[in-house]
Amino acid sequence: MRVHILGVCGTFMAGIALLARECGHEVTGSDMNVYPPMSTQLEMQGIRLLQGYEPAHIDAAVDCVIVGNVIRRGNPAMEYVMEKKIPYISGPQWLAEQILKDRWVLAVSGTHGKTTTTSILTWMLECGGLQPGFLIGGVPENFGVSARLGNKPFFVIEADEYDSAFFDKRSKFIHYHPNTLILNNLEFDHADIFKDLDAIKQQFHYLVRTVPGNGLIIRHAEDQNLQDVLAQGCWSKQQTFAGKTGDWQAKLVQADGSVFEVFFNNQSQGQVQWDLLGQHNVANALAAMAAAHHAGVSPEQAITALRSFKNVKRRLEIRGKINGITIYDDFAHHPTAIATTLAGLRAKVKQARIVVVLEFGSYTMRSGVHKDAIKQALCDADRVVCKKPDQASWDLAEVLKTFSQPTALYEDVDTLVKNLVPTLTSGDHVVIMSNGGFGGIHQKLLNAMAVGVI
């Protein structure tokens, strides 16, 4: 079968492309923004990528077009597909029909931590000898690709609440029908498709409805929003993690979360020493352990897996060290994720200076929905540097004036880098936070530092 994917470089759709190719299909794809890490892994797998949405990119002999949720009516390629009556389908529906229908699905949902938790869980099953299939919204370092078919029955998937396609406004995760479901946390996000928190809770309730009675729902013990969702109805067994009352608990040995002891039903299961930081990642590990346990992986095996786990790209990923200055790339783009990431780094680096370089990339951040929470989210930063949001209806400059630490705001990436470099000194930790390409700022900053501007 010949398949073309619209929006192929999105983290989810790139995984669909890899799975389709592994199924034996001839796969091509197009996107408006072709950039790493997804473009790199697709090209390495022999998938032809085309820049832009020209109708000519779609071969006349194509059998099916898989449509990413970034595509809207009026898109030239989509209009061509509809006019020519070429069969099309959403990514989540294709996945459900072609891959998941006969698998034990382990789904990881929540506002924060989905990608990391999904990667941890997949690695635990791998180390347990189960060789699971997976689709992850990032590139896990332990595997080097974001998706694979794996062996039956297990398939691990990052279960996103974002909509499926312009013609299917249900959340992606409604299609997956998991046997094991992690509910990590729940906050307001995706303001472009959800009018309020209650609208998101409703989609999570629909997700809970799809879990069979002999399935297992694993939820954060102290997340009130998740409790509200489950109060609407739950027909499956439950386990809890984290907080003060969770069935799965952790006791920190190191304050930065790099060493902790695991408890299940008040019984010690062993000690973890790993590369990740922060209490949020400790909670992610507990959730993954609970899910892996449901699939037959022992706590001992899971702890062994954690010791060799390497995080996903763009999750506090070190991009380079020059003159004693460490440059990180981090995907955090919600105040809670920003705060927890910086808290973990602060616990690790102690009094060293943390410089945050922030892009308001997502619609929710650009729209100013979280503008009142940004100041507190960045409290662990010693200096904050921002790029002015595109098409923003609120004044970031006024918000930055309320900060106690030094701030700066620039119109473009090149000016930002030019002015940032002279301010950096040995021992600094520079955390670049964005959910997009950020104009190639990571390499531009490293290049500027390398030529001796400092």
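Every condition in (1) assigned to a strand (DSSP E or B); (2) in contact with a Leu (Cβ under 7 Å, 6 or more places away or on another chain) is met by Ala291 except one, and the failing one is (1).
Residues that are of a type outside the set (A, V, I, L, M) and part of a helix (DSSP H, G or I) were ranked within segment 198-210; the one that is surrounded by the fewest Cβ atoms within 10 Å (Cβ to Cβ) is Asp198.
For Val259, the conditions (1) over 24 Å from the mean Cα position of the chain (by Cα); (2) under 18 Å from Gly344 (Cβ atoms); (3) open to solvent by less than 30 Å² (accessible area, probe 1.4 Å) are fulfilled apart from (1). Scanning segment 1-50 for residues that are of a type in the set (D, E, K, R), out of contact with any strand residue (DSSP E or B) (no Cβ under 6 Å at 6 or more places or on another chain) and closer than 16 Å to Leu149 by Cβ yields one hit, Glu22. You will find that of Asp63, Asp31, the residue that is acidic (Asp, Glu) and open to solvent by 40 Å² or more (accessible area, probe 1.4 Å) is Asp63 and no other. Which ones in segment 215-226 are touching a residue at least 12 places away in the same chain (Cβ under 8 Å) and either over 17 Å from Lys114 (Cβ atoms) or hydrophobic (A, V, I, L, M, F, W, C) (or both)? Scanning segment 215-226 gives Gly215, Leu216, Ile217, Ile218, Ala221, Glu222, Leu226. Residues considered: Glu126, Glu158. Of these, the only one that is within 18 Å of the chain's Cα centre (by Cα) and at pLDDT 95 or above is Glu158.
Can you name the residue in segment 211-241 that is surrounded by fewer than 18 Cβ atoms within 10 Å (Cβ to Cβ) and part of a loop (DSSP other than H, G, I, E, B) and, of all such residues, is modelled with the lowest pLDDT? The residue in question is Glu222. I want to confirm something. Restricting to segment 300-319 and keeping residues that are in a helix (DSSP H, G or I) and in contact with a Gly (Cβ under 7 Å, 6 or more places away or on another chain), which single residue is surrounded by the fewest Cβ atoms within 10 Å (Cβ to Cβ)? So, considering only residues that are in a helix (DSSP H, G or I) and in contact with a Gly (Cβ under 7 Å, 6 or more places away or on another chain), the one surrounded by the fewest Cβ atoms within 10 Å (Cβ to Cβ) is Glu300. Report whether or not Ile318 is free of Cβ contacts under 8 Å to residues at least 60 places away in the same chain, over 29 Å from Gln269 (Cα atoms) and in contact with a strand residue (DSSP E or B) (Cβ under 7 Å, 6 or more places away or on another chain). So Ile318 passes the test. Looking only at residues in segment 255-271 that are part of a loop (DSSP other than H, G, I, E, B), out of contact with any Lys or Arg (no Cβ under 6 Å at 6 or more places or on another chain) and touching a residue at least 24 places away in the same chain (Cβ under 8 Å), the one that is farthest from Leu306 (Cα to Cα) is Ala255.
Taking segment 161-181 as the range and being among the hydroxyl-bearing types (Ser, Thr, Tyr), under 18 Å from the mean Cα position of the chain (by Cα) and open to solvent by less than 30 Å² (accessible area, probe 1.4 Å) as the test, the residues that pass are Ser164, Ser171, Tyr176. Taking strands (runs of 3 or more DSSP E) as the structural unit, those lying wholly within segment 45-102 and holding at least 2 residues that are free of Cβ contacts under 8 Å to residues at least 40 places away in the same chain correspond to 48-51, 88-90. I'd like to verify a number: residues in segment 311-362 that are closer than 22 Å to Glu141 by Cβ, basic (Lys, Arg) and modelled with pLDDT of 90 or more, how many? Residues flagged as closer than 22 Å to Glu141 by Cβ, basic (Lys, Arg) and modelled with pLDDT of 90 or more within segment 311-362 amount to 2. Here Thr336 clears all of (1) among the hydroxyl-bearing types (Ser, Thr, Tyr); (2) open to solvent by less than 40 Å² (accessible area, probe 1.4 Å); (3) in a helix (DSSP H, G or I) except the condition numbered (2). Every residue in segment 376-405 that is farther than 18 Å from Thr423 by Cα, among the charged types (D, E, K, R) and at pLDDT 90 or above, please. Correct list: Asp380, Lys401.
So, Leu276, is that one of a type in the set (A, V, I, L, M), open to solvent by less than 80 Å² (accessible area, probe 1.4 Å) and farther than 30 Å from Ala199 by Cα or not? Answer is yes for this residue.
You will find that of Thr117, Thr111, the residue that is in contact with a strand residue (DSSP E or B) (Cβ under 7 Å, 6 or more places away or on another chain) and of a type in the set (S, T, N, Q) is Thr117 and no other.
Only a single item in (1) in contact with a strand residue (DSSP E or B) (Cβ under 9 Å, 6 or more places away or on another chain); (2) open to solvent by 10 Å² or more (accessible area, probe 1.4 Å); (3) within 19 Å of Leu18 (Cβ to Cβ); (4) modelled with pLDDT of 95 or more is not met by Glu141, and it is number (4).
Of all the numbered requirements in (1) closer than 23 Å to Ser434 by Cα; (2) of a type in the set (D, E, K, R); (3) not in a loop (DSSP other than H, G, I, E, B), Lys169 misses one, and that requirement is (1).
The values are calculated or read from the model by the stated rules, or taken from the named source; none is laboratory data. These numbers come from a predicted model, not from an experiment. Here Cβ is always computed from backbone atoms with ideal geometry, including for glycine, and neighbour counts include all displayed protein chains. Accessible surface is based on the protein model in full, side chains and every heavy atom, while ligands, DNA and RNA are left aside. Shrake-Rupley method; radii C 1.70, N 1.55, O 1.52, S 1.80 Å.
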